[in-house]
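A short worksheet on the structure shown next.
The values are calculated or read from the model by the stated rules, or taken from the named source; none is laboratory data. Since this is a predicted model, take the numbers as computed values, not measurements. Please note: Cβ atoms are built from the backbone with ideal geometry, for glycine as well, and neighbour counts cover all protein chains shown. What goes into the accessible areas is simple: the full protein's heavy atoms, side chains included, and nothing from ligands, DNA or RNA. Shrake-Rupley method; radii C 1.70, N 1.55, O 1.52, S 1.80 Å.
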Amino acid sequence: MLKKILIFPFVILVRFYQSAISPFTPSTCRFEPTCSSYMVEALQKHGLFYGGFLGIKRILSCHPWGKTGYDPVPSKPHSSQSVETKNKCSHKH
């Protein structure tokens, strides 16, 4: 709940950009999903600090000399996998 409250103003800023500014500028994003959509998803998935870092890193890499193509937000590591790994490592045979 706290995470949603912290990211809310930043998501609103990006949504404002998407609806009020982006339609009046040329479409120049080199990635799919667009950098603004990536930022919102990264914030929602990873929170303010790491998600913000991922979004800013993506925006800075969106230039004519950078990469292009499909670049999704990385998924969070599954907590169940880490628990299983810990359980396997802690068993003594």
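Any idea which of F24, F16, F31 is at pLDDT below 95 and open to solvent by 100 Å² or more (accessible area, probe 1.4 Å)? Of the residues listed, the single one that is at pLDDT below 95 and open to solvent by 100 Å² or more (accessible area, probe 1.4 Å) is F24.
Here's a check for you: in region 34-58, which residue that is among the polar types (S, T, N, Q) and part of a helix (DSSP H, G or I) is surrounded by the fewest Cβ atoms within 10 Å (Cβ to Cβ)?
By that ranking, first place goes to Q44.
Among the residues of region 12-61, not one is touching a residue at least 40 places away in the same chain (Cβ under 8 Å), within 12 Å of V73 (Cβ to Cβ) and among the aliphatic types (A, V, I, L, M).
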